[in-house]
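Read the structure below first, then the notes.
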Amino acid sequence: MRLELPVDHPEFGRPVPCECQKALLASQRTTRLQQLSNLGPLSRLTFDNLIENGRSADPNKQERFRRVFAAARAFAANPDGWLILSGVSGCGKTHLAAAIANECIAAGQRVFFTIVPDLLDHLRLAYDPNSAVTYDQLFEEVRNTPLLILDDLGTQKNTAWAEEKLFQIINHRFNAQLPTIITTNCSMDELNERIRTRLTDPTLCQLCVVEGRESEILQKLSNLEFYSSMTFENFDLKRPKLAADQRHSLETAYKIALGYAHHPDGWLIFQGEFGCGKTHLAAAIANERRREDDVVYFVVVADLLDYLRSTYAPESRVTYDELFDSLRNAPLLILDDLGAQVSTAWAREKLFQLINYRYNGRLPTVITTNCSLDQIEGRLSSRMVDPRLSLNFWLNVPDYRADASALDLQAARRTGKREGTKRPGRPGSK
């Protein structure tokens, strides 16, 4: 058909498709793009048939999946940079990647989707003179396609040839800053170093942990094994030198900690002098939850900051983003000995980012500190004193080592008295 236009109009006489033909042409273009995309049966996977909360019943994992879901939709609307989807098998990475591909195809964009081991097999077969596609044709298609999706990176057999081909593809697209999506069930530290440095570059890549590797990452940092002997059963409530108000404070803290261990909800802040028992109670909470097979991380704050700093080193096997994201989303996080180490601007900023995230997410958290709240930076203390989330308790108890010293002195005196009865008499006595 032709539009009814004046004779002098530049579009006069030009044939244009009718609405039904437009719809047919759009459908044919989508079909052609799907064929070129290599999606095959994955063309059925869309955002509409993806569970927005993920498959886990854990509310924390559901919240994480919702954030990744939102990041995937945003990438589909504007494919720019790289999106790295990391997580255990079956967590939904491939569905997310395929949903992005199908949405881009529906918008008329060219996408090439490939499973990494299959890609390497196709490249090998392309060396055959009888192959329908030459090696150079396939390699250039993968390197320069407008949007490339590499699914299941890390499951391939890591021969020198395979590593070199993957690096050439990834490095080319990295240098050209071509939109790319990569899914992997490996943590970043398990990948080839040359590839890992590209995938973790914050100027180009957005790393989304869909589900899972935090237990392996934080296991290196968590000190709970060192404190595994600190339980509710061996917590000393019988300190004989305590005044009545001090004994009441200790017993109350014990009851609060035990109740929290059975039902960890909100934040619990223990304050008190060194040696008052706050670390023992925090570790007892962690050990009690471990008995219930819950995931809990017990971290000394000074060690945490040192570990975060170490992830900036080029030789680090754990990336900063991985570790920090795992800490922020830990089902139960215990921060022991929050105090003087927050004096530097960098430390204050990192701790604020961590604490503020868990505060906004209402994630169960236990904090111990020997500081009063007015000694802690206002941004941190304002979260810690919020009565809607936090229970603050000051242990009005002296250092238990003072008890031990007093008992040692008493024992020495008793020993001295016993020894005195054995001393020989004065000269001339009977």
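The values are calculated or read from the model by the stated rules, or taken from the named source; none is laboratory data. Please read all numbers here as calculations on a predicted model, not as lab measurements. Virtual Cβ from ideal backbone geometry, glycine too; neighbours counted across all protein chains shown. Each accessible area value is taken on the protein alone, full model and side chains, heavy atoms only, with ligands, DNA and RNA left out. Shrake-Rupley method; radii C 1.70, N 1.55, O 1.52, S 1.80 Å.
Per-structure values
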quantity	calculated
Residue in the range 388-398 that is modelled with pLDDT under 90 and either exposed (fewer than 14 other Cβ atoms within 10 Å of the Cβ) or not aliphatic (A, V, I, L, M) (or both) present	no
Those residues of the range 171-209 which are at pLDDT 85 or above and part of a strand (DSSP E or B), in sequence order	180, 181, 182, 183, 184, 205, 206, 207, 208
Total residues in the range 64-92, condition within 18 Å of residue 48 (Cβ to Cβ) and part of a helix (DSSP H, G or I)	12
Hey, residue 337 at pLDDT below 90 and not small (Gly, Ala, Ser) or not	no
Complete set of residues in the range 377-392 that are closer than 14 Å to residue 363 by Cβ and small (Gly, Ala, Ser)	390
Qualifying residue in the range 330-350 (condition: in contact with a Cys (Cβ under 6 Å, 6 or more places away or on another chain) and free of Cβ contacts under 8 Å to residues at least 40 places away in the same chain)	yes
Filtered residue count, the range 359-375, keeping only those that are part of a helix (DSSP H, G or I) and of a type outside the set (A, V, I, L, M, F, W, C)	4
Test: residue in the range 128-141 that is in a helix (DSSP H, G or I), surrounded by fewer than 17 Cβ atoms within 10 Å (Cβ to Cβ) and of a type in the set (Gly, Ala, Ser)	no
Evaluation of residue 159 against (1) under 27 Å from the mean Cα position of the chain (by Cα); (2) open to solvent by 40 Å² or more (accessible area, probe 1.4 Å) (one fails), failing number	(1)
Number of positions in the range 149-164 that are among the hydroxyl-bearing types (Ser, Thr, Tyr) and either in contact (Cβ under 8 Å) with a residue 12 or more places away in the chain or assigned to a strand (DSSP E or B) (or both)	1
Matching residues, the range 244-260, being touching a residue at least 60 places away in the same chain (Cβ under 8 Å) and either open to solvent by less than 60 Å² (accessible area, probe 1.4 Å) or under 20 Å from residue 363 (Cβ atoms) (or both)	246, 249, 250, 252, 253, 256, 260
Any pair with Cβ under 6 angstrom, 6 or more apart, that starts in the range 387-400 at a residue that is touching a residue at least 24 places away in the same chain (Cβ under 8 Å) and ends at one that is open to solvent by less than 80 Å² (accessible area, probe 1.4 Å) and assigned to a loop (DSSP other than H, G, I, E, B)	389/266; 395/276; 397/276; 399/275; 400/275
Helices (runs of 4 or more DSSP H) fully within the range 261-342 counting 2 or more residues that are open to solvent by less than 40 Å² (accessible area, probe 1.4 Å) and charged (D, E, K, R)	278-291, 320-328
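Residue-by-condition table, conditions (1) modelled with pLDDT of 90 or more; (2) over 19 Å from residue 170 (Cβ atoms); (3) surrounded by fewer than 16 Cβ atoms within 10 Å (Cβ to Cβ):
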| residue | (1), (2), (3) |
| --- | --- |
| 67 | no, yes, yes |
| 74 | yes, yes, yes |
| 80 | yes, no, yes |
| 83 | yes, no, no |
| 99 | yes, yes, no |
| 108 | no, yes, yes |
| 144 | yes, no, yes |
| 150 | yes, no, no |
